[in-house]
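The structure appears below as structure tokens.
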Amino acid sequence: MKNEKTEPAPKLYRSGLVVSGLTMISRVLGMARDICIANFFGSGVATDAFILSFRIPNLFRRLFAEGAFSQAFVPVLTEYKEIHPHQKVKSLVNRTMGSLGLILLLFTLLGVVLSEAIVSLFAPGYLYADASEKLKLSSDLLQITFPYLFLISMTALSAGVLNAYGKFAAPAFSPALLNLCLISSAVFLRERFDEPIFALAWGVLIAGVVQLTWQMPSLNQLKLLPRPEIGFRDPGVKKVGFLMLPAVFGASVSQINILLDTVLASFLETGSLSWLYYSDRLLELPLALFGIAIATVILPRLSSDHLKDSTEDFSHTLDWAIKSVLLFGLPATAALVLLSDELIATLFFHGVMESRDVLMAGASLAAYGAGLAGHMLVKVLAPGYFSRQDMISPVRFGIIAMVANMGLNLVLIWHFKHVGLAIATTISAFLNAALLYVGLSRLGLINFYNKDNVLFLSRLILATFIMTSLIYYFNPSIDWWLQIDSVARVIRMLSICLLGAFSYFLVLALSGLNLKSLLR
């Protein structure tokens with residue numbers, strides 16, 4: 001079957017559009033969520049405490065669930081789906097959910113009991129006497145938010161099953177439910193607590209239940225509604241576990257880097273965690289819309305190409321993924337860097353947020369934004385290894401990038417404070433992407449640097465340069481953004497974004513780029 005060409009079903013671009021569209025809805029709601037947090041809670045002690053208590057289970061979620069587990073589980077499930085009867089597939093799902101669920105349940109109980117110790121480990125700066133209020137509040141909030149890890153991990157397993165069967169809609173919309181729950185909690189529950197920030201913590205827990213329930217009807221349609229069984233000795237479960245252990249690092253290096261930022265930021269002035277959070281949230285918007293969406297749809301396809309020993313199709317899929325993320329990633333990178341302060345002001349300069357918060361968060365957004373393309377490339381190159389059930393190579397590259405990030409953090413934080421942490425994350429992302437690409441190239445699985453792709457990149461760079469020039473010319477000073485009302489800021493930002501998008505795609509069209517060539 002070598003080099004046998006097959007049409008994707010569903011086609012990659014259609015699946016990508018579905019995931020991107022639903023992700024757009026989720027991210028818009030995510031922006032609304034963060035606007036609510038900024039408006040009602042600002043960047044003070046309570047907000048820093050909640051961000052930490054939410055970030056800890058989210059880190060473990062991406063390590064155990066969306067990161068390592070999904071990357072290990074989907075290729076194995078795809079293999080079972082291709083060569084085994086449906087009952088065997090269902091048995092794998094049941095036993096994987098039961099085994100993973102038991103481990104996570106015990107881990108969750110441990111996290112709740114040891115909440116203060118965990119906060120101290122993740123934010124050692126809170127151990128100082130003048131930060132005791134942060135330590136106590138963060139540990140109390142973590143007791144409420146930590147069970148979200150168990151719920152969202154079960155949700156991620158369900159999403160992995162649906163993605164393997166080409167059902168991307170329900171999993172892609174699931175994050176929107178988290179945002180809706182947090183918005184509702186911020187608006188309607190905050191006044192019911194002596195410390196209003198607890199409303200957000202309970203919103204996280206409620207969201208976990210809602211997200212897991214949301215997946216069930218879709219699984220039932222596939223006749224794969226799980227009935228958890230303990231099955232550590234099952235060959236499929238053992239294979240998932242074996243692949244999952246190294247994938248913890250390989251799939252989640254960026255999250256570990258962000259965690260390191262959190263640890264070091266706990267030693268900086270109050271507000272640093274919030275500034276990094278707001279800027280990271282804006283980075284996550286284009287990353288999720290394009291990078292994560294494309295990575296989600298190519299993993300099952302790459303797994304199928306590998307099983308069919310179709311090296312040519314495998315290479316073409318990776319080539320398509322790289323071009324797709326660069327098409328959107330390059331202009332998005334330029335916009336995040338050039339409009340960093342203005343974007344923060346437009347979205348978050350309301351309520352108790354101050355102008356200094358805007359400038360500080362904008363500075364870290366520019367540093368994070370410069371690495372957007374690197375993060376996107378990591379997202380689409382890593383599945384090239386995971387689909388082949390090679391978890392060791394991404395681990396090796398990830399550790400190199402992580403060590404580099406740690407060293408850069410310690411060097412840059414002294415002069416650049418929280419911005420230095422963002423710069424280090426950006427550099428390590430590009431390093432990780434470069435290592436992943438070189439590894440795939442040496443295996444003969446990718447060859448992006450050819451005449452057609454060099455021309456493609458040249459067109460993207462030209463269009464990005466012209467777009468950036470126009471944005472710079474029509475963008476007022478930051479003082480103007482801080483003095484006008486919220487509605488005027490939104491209108492001006494939308495007009496600038498539309499001008500940028502129109503000019504970018506117009507230049508691409510005039511340069512002869514055929515966008516239909518990407519619609520595989």
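The values are calculated or read from the model by the stated rules, or taken from the named source; none is laboratory data. Computed from a predicted model, the values in this text were never measured in an experiment. Here the Cβ positions follow ideal geometry from the backbone for every residue, glycine too, while neighbour counts run over all protein chains shown.
Is it the case that residue 482 is more than 30 Å from residue 268 (Cα to Cα) and more than 26 Å from the chain's Cα centre (by Cα)? Steps first, answer last, please.
Details: more than 30 Å from residue 268 (Cα to Cα): no; more than 26 Å from the chain's Cα centre (by Cα): yes.
Considered against the rule, which asks whether it is more than 30 Å from residue 268 (Cα to Cα) and more than 26 Å from the chain's Cα centre (by Cα), residue 482 comes out as no.
Could you grab me the full set of residues in region 492-505 that are exposed (fewer than 12 other Cβ atoms within 10 Å of the Cβ) and either under 26 Å from residue 357 (Cβ atoms) or touching a His at 6+ places or on another chain (Cβ under 6 Å) (or both)? Break it down stepwise before answering.
Within region 492-505, the subset exposed (fewer than 12 other Cβ atoms within 10 Å of the Cβ) is 494-495, 498.
494, 495 - these are the residues of region 492-505 that are exposed (fewer than 12 other Cβ atoms within 10 Å of the Cβ) and either under 26 Å from residue 357 (Cβ atoms) or touching a His at 6+ places or on another chain (Cβ under 6 Å) (or both).
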Of the listed residues (388, 459, 442), the one being among the charged types (D, E, K, R) and touching a His at 6+ places or on another chain (Cβ under 6 Å) is 388
Open item on the list: I'd like to know if region 388-407 contains one or more residues that are of a type in the set (Ser, Thr, Tyr), without any contact (Cβ under 8 Å) to a residue 60 or more places away in the chain and within 30 Å of residue 163 (Cα to Cα).
Closed with: no
Residue count, region 197-227, condition surrounded by fewer than 16 Cβ atoms within 10 Å (Cβ to Cβ) and either among the aromatic types (Phe, Trp, Tyr) or part of a loop (DSSP other than H, G, I, E, B) (or both), comes to 2
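Out of the residues in region 68-111 that are basic (Lys, Arg) and in contact with a helix residue (DSSP H, G or I) (Cβ under 9 Å, 6 or more places away or on another chain), state the one that is modelled with the highest pLDDT.
Looking only at region 68-111, we keep the residues that are basic (Lys, Arg), and these are 81, 88, 90, 95.
Checking which are in contact with a helix residue (DSSP H, G or I) (Cβ under 9 Å, 6 or more places away or on another chain) leaves us with 81, 88, 95.
On the way: 81: 84, 88: 89, 95: 92.
Step by step, filter region 68-111, then rank; the result is 95.
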If we keep only residues of region 266-301 that are over 16 Å from residue 361 (Cα atoms) and at pLDDT 80 or above, then the residue nearest to the chain's Cα centre (by Cα) is 287
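Would you mind finding the one in 139, 132, 158 that is without any contact (Cβ under 8 Å) to a residue 12 or more places away in the chain and either within 30 Å of residue 225 (Cβ to Cβ) or polar (S, T, N, Q) (or both)?
On inspection, the qualifying residue turns out to be 132.
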Residues in region 75-97 that are closer than 17 Å to residue 230 by Cα and within 26 Å of the chain's Cα centre (by Cα) total 3
Inside region 106-125, the number of residues satisfying the requirement of being assigned to a helix (DSSP H, G or I) and over 24 Å from the mean Cα position of the chain (by Cα) is 11
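Residues to consider are 412, 440, 381, 457; find the one that is over 28 Å from residue 317 (Cβ atoms) and modelled with pLDDT of 85 or more. Please lay out each step first, then the result.
Values: 440 fails: over 28 Å from residue 317 (Cβ atoms); 381 fails: over 28 Å from residue 317 (Cβ atoms); 457 fails: over 28 Å from residue 317 (Cβ atoms).
The conditions single out 412.
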Yes or no: residue 238 assigned to a helix (DSSP H, G or I) and modelled with pLDDT of 80 or more? yes
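Just to be sure before I move on: is residue 368 of a type in the set (Phe, Trp, Tyr), touching a residue at least 24 places away in the same chain (Cβ under 8 Å), farther than 25 Å from residue 41 by Cα and not in a loop (DSSP other than H, G, I, E, B) in the structure I sent? Spell out how you get there, then give the answer.
On the way: of a type in the set (Phe, Trp, Tyr): yes; touching a residue at least 24 places away in the same chain (Cβ under 8 Å): yes; farther than 25 Å from residue 41 by Cα: no; not in a loop (DSSP other than H, G, I, E, B): yes.
In short, no.
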Residue 433: passes all of (1) under 26 Å from the mean Cα position of the chain (by Cα); (2) farther than 24 Å from residue 288 by Cα; (3) modelled with pLDDT of 85 or more but (2)
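Farther than 25 Å from residue 494 by Cβ and crowded, with 22+ Cβ neighbours inside 10 Å: does that describe residue 300?
When the stated conditions are applied, residue 300 passes them.
Assess whether residue 466 counts as being farther than 24 Å from residue 281 by Cα, more than 24 Å from the chain's Cα centre (by Cα), surrounded by fewer than 22 Cβ atoms within 10 Å (Cβ to Cβ) and not small (Gly, Ala, Ser).
Numbers: farther than 24 Å from residue 281 by Cα: yes; more than 24 Å from the chain's Cα centre (by Cα): yes; surrounded by fewer than 22 Cβ atoms within 10 Å (Cβ to Cβ): yes; not small (Gly, Ala, Ser): yes.
In short, yes.
Just checking, which of 448, 474 is closer than 30 Å to residue 406 by Cβ and aromatic (Phe, Trp, Tyr)?
Numbers: 474 fails: closer than 30 Å to residue 406 by Cβ.
Among 448, 474, only 448 is closer than 30 Å to residue 406 by Cβ and aromatic (Phe, Trp, Tyr).
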Residue pairs qualifying under the 8 Å Cβ cut-off, at least six apart or on distinct chains, with the first in region 468-490 being without any contact (Cβ under 8 Å) to a residue 24 or more places away in the chain and the second being part of a helix (DSSP H, G or I), are 476/492; 484/492
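Out of 114, 59, I need the residue that is modelled with pLDDT of 80 or more and over 30 Å from residue 308 (Cα atoms). Which one? Please lay out each step first, then the result.
Values: 59 fails: modelled with pLDDT of 80 or more.
Unique residue meeting the criteria: 114.
Among the hydrophobic types (A, V, I, L, M, F, W, C), under 16 Å from residue 77 (Cα atoms) and modelled with pLDDT under 85: does that describe residue 172?
Values: among the hydrophobic types (A, V, I, L, M, F, W, C): yes; under 16 Å from residue 77 (Cα atoms): no; modelled with pLDDT under 85: yes.
For residue 172, the condition - among the hydrophobic types (A, V, I, L, M, F, W, C), under 16 Å from residue 77 (Cα atoms) and modelled with pLDDT under 85 - is not met.
Among the residues of region 121-161, which ones are among the polar types (S, T, N, Q), at pLDDT 85 or above and surrounded by fewer than 24 Cβ atoms within 10 Å (Cβ to Cβ)?
Start the filter on region 121-161 by keeping residues that are among the polar types (S, T, N, Q), which leaves 132, 138-139, 143, 145, 153, 155, 158.
In the following step, the residues that additionally are at pLDDT 85 or above were identified as 138-139, 143, 145, 153, 155, 158.
If the condition is that a residue be among the polar types (S, T, N, Q), at pLDDT 85 or above and surrounded by fewer than 24 Cβ atoms within 10 Å (Cβ to Cβ), then 139, 143 are the ones that fit.
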